[in-house]
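Reviewing the structure listed below.
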Amino acid sequence: MTGTKQHIIKLFAFMMAFMLANAPMLAQNNVYGIDDDCYKMYNNLLHTPLSEKDFLEYADKMYKLGEEKKDKKAQTLAICVKAQFYEGKNDLAKTRACAEELKKEAKRTGHMQYYYFAYRLEIRLLQKKGMTDEGLALAKKMQSEALKDDYKFGLYSAYETIGDIYMQRRNIAVSSEYYQKAIDLHPNITPRQRVSILYNNLAENTKNLHFKKELCMKALENAIDGLDSIRTYDHLCRIYGSFGRNKESLNYYNLGDHCIKKNRPADKMSFTSQTYYHIFSGNKSEALKTFNKITSSNVEKAAVGKILAEQFGLDSIGYEVAKILNSNKLKYDAAFRGFEFAEINDLLENDKLKSMHSEQERNHTEILLQQQRMRIEKQKLEDEQERLSSDNLKIDRKNKRIEADNKKKFEELGSAEIASKLKLEKAKEEESKQLRKTLLITVGMLLVLLIIIISFIIYYKKSKKRLLLYTKELHIARCEAEEASEMKNIFIQNMSHEIRTPLNAVMGFSQLLTIPGLPISEEERTEYASHILNNSKMLTMLVDDILNINDIENGNYNINPVFCPVNEILSSAVSSAEYRAHDGVRVYYTSEVDNDYTVYTDPRRVQQVLINFLTNACKHTDSGSIHLHLSIQETPDMLTFSVADTGCGIPREQAENIFERFTKLNDFKQGTGLGLNICRLISKKMEGHVYCDVNYTDGARFVFTIPLIKQQN
């Protein structure tokens, strides 16, 4: 009996623990699955008009309440609603700041759907402001992150957003492609996403009425609530209205109106649908009222106005439609010219190929227009031929009258023979005239046809040549991009290794020197300080190489020549580099000129090249000597600086490759692979030359020549 009581007590305790553990879940009676108190505050933020200060304070209270309730999703929604608030006020800077905060919070709480929603808010505001280039770049970044994270909802949002941007830019083909990608991905994410909007957008992009209806039916099949159904019925009403199909348009208007009364009594059908309804119902005054309220788009308003003008014979509306269409065309042409340059540069490979495809379509359209012109010319020729035939009939009638007159005269004269001869001569003359006319007309038609054919062939060849040129340019651009990417990777790898090695040495020896009570002698302390100094100089040299490359490529690297003693340059270069030499290696210089020999050059740039040569020699020379020499006789009218060492040397086949950027023959030696490349760039700016002497066999010998300009006495 006692055992049974214990069992009952344990079961009761387990049930109580289970109910307490699930208490927060029982309280979550809302679509977001958050705490009910937090949800109430969220609803108030969405539907209560507040000043900015009150709104932000209330949102912060919701965040703190979510923190107290340990409801991470409620905390994320509190930041989300702040971002939505600024997006609604068109404040780009604050929207961006809140979007970044929302991304961090979404990553912290694990609710990644709001991470990508932050992207959507910022991009949506950029679209409102017409900044579609920046919006497209951000959407591509969003797509890249979603692919990297393998997050289906994020990828779905990216596809939908990119489709919206291309639709705004009237690039219908690319827009439809991204909408279809989003639709294909939809079954792999939560069913709460309104995929019906995508089907409606695809229907908007196609011109075929059958396909429009088929896509709208799919939108109805995938509607998740009354709002989706109302939007689709409204869309169908507008589609059939624009085609003048009054029966179907009225039917879908009534279905949408019924859905509104049943699900969303506060809503109404769009002004466009209302206008079609009044037009097809014969209510002229109401149709004019709702027509003037249409603000959706100029194209849609023009379509409604055309039906309205035709239905009631309103010339003023027809004139307004013509103005709308003309204005819309000018805006579209201006927008297209602005987008075309951005599409070619910012954009990705797929967009470039689509541009080529669009170019081919335009070429095809021009060919069709040319063919239409040919048909018109042919029709003109046929009309001319008919006119000539009519003239011939008139001539025949005139000839008949003449013949009748002649016949009377012949009868009066009573000479049948004379009449016969005259008739025969007249017939021959008329036949000859007719033949000449027919020949001229035939030759003229052939010439016109030949000119048209030749023009078409020339145009086709030019179009084909342009297409081949565009293809070649795209290939070159892709190769350059791949090469730049590879160089970037090499550069990052080199920098990571080259900077880390001296930096570790500096940190290590610095830590040794700062350890209190460490028993080291003054000689060891000096040695450690020397290591720190050498590695610091090495770091400085690495940074200088990077800055020099950047300055040279940006055009900020200047050559400032002055008159200076050339031997002082040699002495300074040796002094700057000899501490890098291995023990036992002698570093010295010789010169063929006196110490007061002065030349016109930039001593800093010459010294920079020589120090690079000497530094390389110190790295690769373990014993022997490093000899810097100046000659004015080796190359006439040139100063020839050479650095010869007794190190490992340079293979003949690598003598030119080592001047390429990031090239190192020994990956275990310090260096970025930029020094010799910088030397070559400096020599070109100084109208000189840098090369490796392949005939030198005792090690390696690098030569630097610049024009010799002496100071005049």
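The values are calculated or read from the model by the stated rules, or taken from the named source; none is laboratory data. Owing to the predicted nature of the structure, the values given are computational and were not obtained by experimental measurement. So basically every Cβ, Gly included, is an ideal-geometry build from the backbone, and we count neighbours across all protein chains shown. These area figures cover heavy atoms from the full protein model, side chains too; ligands, DNA and RNA do not enter into them. Shrake-Rupley method; radii C 1.70, N 1.55, O 1.52, S 1.80 Å.
Condition check: more than 15 Å from the chain's Cα centre (by Cα) and either more than 26 Å from Lys72 (Cβ to Cβ) or open to solvent by 40 Å² or more (accessible area, probe 1.4 Å) (or both). Does Lys128 satisfy that? Please lay out each step first, then the result.
Working: more than 15 Å from the chain's Cα centre (by Cα): yes; either more than 26 Å from Lys72 (Cβ to Cβ) or open to solvent by 40 Å² or more (accessible area, probe 1.4 Å) (or both): yes.
Taking the combined requirement at face value, the residue satisfies it.
Going residue by residue through the range 413-427, is there one that turns out to be touching a Phe, Trp or Tyr at 6+ places or on another chain (Cβ under 7 Å), modelled with pLDDT under 75, over 30 Å from Asn171 (Cβ atoms) and surrounded by 12 or more Cβ atoms within 10 Å (Cβ to Cβ)?
Scanning the range 413-427, I find at least one residue that is touching a Phe, Trp or Tyr at 6+ places or on another chain (Cβ under 7 Å), modelled with pLDDT under 75, over 30 Å from Asn171 (Cβ atoms) and surrounded by 12 or more Cβ atoms within 10 Å (Cβ to Cβ), so the answer is yes.
Please go through the range 571-599 and pick out each residue that is within 52 Å of the chain's Cα centre (by Cα) and under 24 Å from Glu634 (Cα atoms).
Ser572, Ala573, Val574, listed by residue number.
Name the single residue that is modelled with the highest pLDDT among those in the range 192-204 being charged (D, E, K, R) and within 20 Å of Tyr114 (Cα to Cα). Walk me through how you get there before you give the answer.
If we filter the range 192-204 for residues that are charged (D, E, K, R), which is where we start, we get 192, 194, 204.
Cutting the leftovers down to within 20 Å of Tyr114 (Cα to Cα) gives us 192, 194.
Details: Arg192: 63, Arg194: 77.
Residue satisfying both the conditions and the ranking: Arg194.
Just checking, which of Glu87, Glu134 is charged (D, E, K, R), at negative phi and open to solvent by less than 30 Å² (accessible area, probe 1.4 Å)?
Working: Glu134 fails: open to solvent by less than 30 Å² (accessible area, probe 1.4 Å).
Only one candidate passes the filter, namely Glu87.
Please tell me if Ile189 is modelled with pLDDT of 85 or more and β-branched (Val, Ile, Thr). Can you show your working first?
Working: modelled with pLDDT of 85 or more: no; β-branched (Val, Ile, Thr): yes.
It is false that Ile189 is modelled with pLDDT of 85 or more and β-branched (Val, Ile, Thr).
How about the range 90-116: which of its residues are touching an Asp or Glu at 6+ places or on another chain (Cβ under 7 Å) and either free of Cβ contacts under 8 Å to residues at least 24 places away in the same chain or surrounded by fewer than 23 Cβ atoms within 10 Å (Cβ to Cβ) (or both)?
Step one: list which residues in the range 90-116 are touching an Asp or Glu at 6+ places or on another chain (Cβ under 7 Å), which gives 95-96, 99.
Arg96, Ala99, listed by residue number.
Which residues, counting only those in the range 284-308, are of a type in the set (Gly, Ala, Ser) and open to solvent by less than 20 Å² (accessible area, probe 1.4 Å)?
Just the residues of the range 284-308 that are of a type in the set (Gly, Ala, Ser), to begin with: 285, 287, 296-297, 302-303, 305.
Result: Ala287, Ala302, Gly305.
Within the range 184-199, is there a residue that is open to solvent by less than 50 Å² (accessible area, probe 1.4 Å), within 19 Å of Glu248 (Cβ to Cβ) and either of a type in the set (A, V, I, L, M, F, W, C) or within 22 Å of the chain's Cα centre (by Cα) (or both)?
There is no residue in the range 184-199 that is open to solvent by less than 50 Å² (accessible area, probe 1.4 Å), within 19 Å of Glu248 (Cβ to Cβ) and either of a type in the set (A, V, I, L, M, F, W, C) or within 22 Å of the chain's Cα centre (by Cα) (or both).
Looking only at the range 43-72, filter to residues that are of a type in the set (A, V, I, L, M, F, W, C), within 23 Å of Thr95 (Cβ to Cβ) and part of a helix (DSSP H, G or I); which one of those is most open to solvent (accessible area, probe 1.4 Å)?
Let us first name the residues in the range 43-72 that are of a type in the set (A, V, I, L, M, F, W, C), namely 45-46, 50, 55-56, 59, 62, 65.
Narrowing the set further to residues that are within 23 Å of Thr95 (Cβ to Cβ) leaves 45-46, 50, 55-56, 59, 62.
Those left that are additionally part of a helix (DSSP H, G or I): 45-46, 55-56, 59, 62.
Working: Leu45: 8, Leu46: 78, Phe55: 9, Leu56: 40, Ala59: 1, Met62: 0 Å².
Only one residue fits best here, namely Leu46.
Can you go through Leu503, Leu449 and tell me which one is touching a helix residue (DSSP H, G or I) at 6+ places or on another chain (Cβ under 9 Å), farther than 20 Å from Glu377 by Cβ and either modelled with pLDDT under 85 or surrounded by 12 or more Cβ atoms within 10 Å (Cβ to Cβ) (or both)?
Details: Leu449 fails: farther than 20 Å from Glu377 by Cβ.
Answer to the selection: Leu503.
Please verify whether Lys262 is open to solvent by 50 Å² or more (accessible area, probe 1.4 Å), in contact (Cβ under 8 Å) with a residue 12 or more places away in the chain and basic (Lys, Arg), treating the condition exactly as stated.
Yes; evaluated as a whole, the condition is true for this residue.
Read through the list (1) farther than 30 Å from Ala287 by Cβ; (2) surrounded by 20 or more Cβ atoms within 10 Å (Cβ to Cβ); (3) among the aliphatic types (A, V, I, L, M), then give the number of the only condition that Ala219 fails.
It fails just one condition, (1).
Would you be able to tell me the number of residues in the range 452-470 that are open to solvent by less than 80 Å² (accessible area, probe 1.4 Å) and not β-branched (Val, Ile, Thr)?
5
Looking for whichever is modelled with pLDDT of 85 or more and among the aromatic types (Phe, Trp, Tyr) here; the options are Phe659, Phe641, Phe668. Which one fits? Spell out how you get there, then give the answer.
Details: Phe659 fails: modelled with pLDDT of 85 or more; Phe668 fails: modelled with pLDDT of 85 or more.
After applying the criteria, what remains is Phe641.
If you check Met167 against the conditions, is it open to solvent by 10 Å² or more (accessible area, probe 1.4 Å), within 16 Å of the chain's Cα centre (by Cα) and farther than 16 Å from Thr206 by Cα? Quick ask: steps written out before the conclusion?
On the way: open to solvent by 10 Å² or more (accessible area, probe 1.4 Å): yes; within 16 Å of the chain's Cα centre (by Cα): yes; farther than 16 Å from Thr206 by Cα: no.
Spelling it out, it is not the case that Met167 is open to solvent by 10 Å² or more (accessible area, probe 1.4 Å), within 16 Å of the chain's Cα centre (by Cα) and farther than 16 Å from Thr206 by Cα.
Identify all residues within the range 244-267 that are assigned to a loop (DSSP other than H, G, I, E, B) and modelled with pLDDT of 85 or more; write none if there are none.
From the range 244-267, those assigned to a loop (DSSP other than H, G, I, E, B) are 244-245, 264-267; that's our starting set.
Within the range 244-267, just Arg245 meets the criteria.
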